[in-house]
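The values are calculated or read from the model by the stated rules, or taken from the named source; none is laboratory data. In this text the structure is predicted, and so the values were computed from the model without any measurement. For neighbour counting, all protein chains shown are included, and Cβ atoms are generated from backbone atoms with ideal geometry for every residue, glycine included. SASA here: full protein model, heavy atoms, side chains in, ligands and nucleic acids out. Shrake-Rupley method; radii C 1.70, N 1.55, O 1.52, S 1.80 Å.
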Amino acid sequence: MPSESDAPAQPAATTVEGTTQDGAAPSTPQLAPLTPADLEACLGLDAAALGGLWSDQQWHTELAAAERPGLGLWQGRALVGLACGWLVVDELHITVVAVDPAHRRGGLGRQLLEALLAEAVGRGARHATLEVAADNGPAQALYRALGFETAGVRRRYYRNGQDALIQWRRIGREAPSCDR
């Protein structure tokens, strides 16, 4: 059994599409659970993709709690995407989805969300919810493609006073297919 000093610099990962046999950095991003050791990478991606949405302490809390699943997509040692949520009884509340601006429009957000939803179903979740900015058309299109529907509006939800749409869908065994 390897010691902590022998452990890899990032969590053990599986490739989203294909694998590499030679240990070289794969060209396809690798999906892995996020841990507190990924704090700096999450802060960097948050700054690049979301303008610094969360503080160091908020990220630390998100990464440390067992009821808060988080997944990252790694390209070599670079975190290029992440998705996190909170599990409350049988519901997944998706708290953040971010993809590095240089890697957008390639399906990474969808891969992250599908993996996070599958993780939540595996932990007993039957519903998923999230908030999305009312003017964020690309994110709304992604959520719609994954079966989310608007259930309400949170007025002036964001720091800049912008409204958020509350998105919701069933997941798990009784969930309708998200192939639309």
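Hydrophobic (A, V, I, L, M, F, W, C), touching a residue at least 60 places away in the same chain (Cβ under 8 Å) and either farther than 28 Å from residue 29 by Cβ or assigned to a helix (DSSP H, G or I) (or both): does that describe residue 151?
Taking the combined requirement at face value, the residue does not satisfy it.
Could you list, in sequence order, the residues of the stretch 106-132 that are aliphatic (A, V, I, L, M), over 21 Å from residue 29 (Cβ atoms) and open to solvent by 40 Å² or more (accessible area, probe 1.4 Å)?
Answer for the stretch 106-132, where residues must be aliphatic (A, V, I, L, M), over 21 Å from residue 29 (Cβ atoms) and open to solvent by 40 Å² or more (accessible area, probe 1.4 Å): just 121.
Does residue 53 meet the test of being of a type outside the set (S, T, N, Q) and modelled with pLDDT of 95 or more?
Criteria not met by residue 53.
Return the residues of the stretch 111-140 that are farther than 19 Å from residue 93 by Cβ and either in a loop (DSSP other than H, G, I, E, B) or modelled with pLDDT of 95 or more (or both); say none if nothing qualifies.
Matches in the stretch 111-140: 111, 135.
Could you list, in sequence order, the residues of the stretch 48-91 that are part of a helix (DSSP H, G or I) and of a type in the set (S, T, N, Q)?
57, 58, 61
Select from the stretch 141-180 the residues that are on the phi < 0 side of the Ramachandran plot, open to solvent by 50 Å² or more (accessible area, probe 1.4 Å) and at pLDDT 90 or above and list them in ascending order.
144, 149, 150, 151, 153, 154, 155, 157, 168, 170
Where the second residue is assigned to a loop (DSSP other than H, G, I, E, B) and of a type outside the set (Gly, Ala, Ser) and the first is under 19 Å from residue 73 (Cα atoms) and lies in the stretch 41-58, which pairs have Cβ atoms under 7 Å and are six or more apart or on separate chains?
So the pair list comes out as 42/34; 45/100; 46/53; 46/54; 48/100; 49/100.
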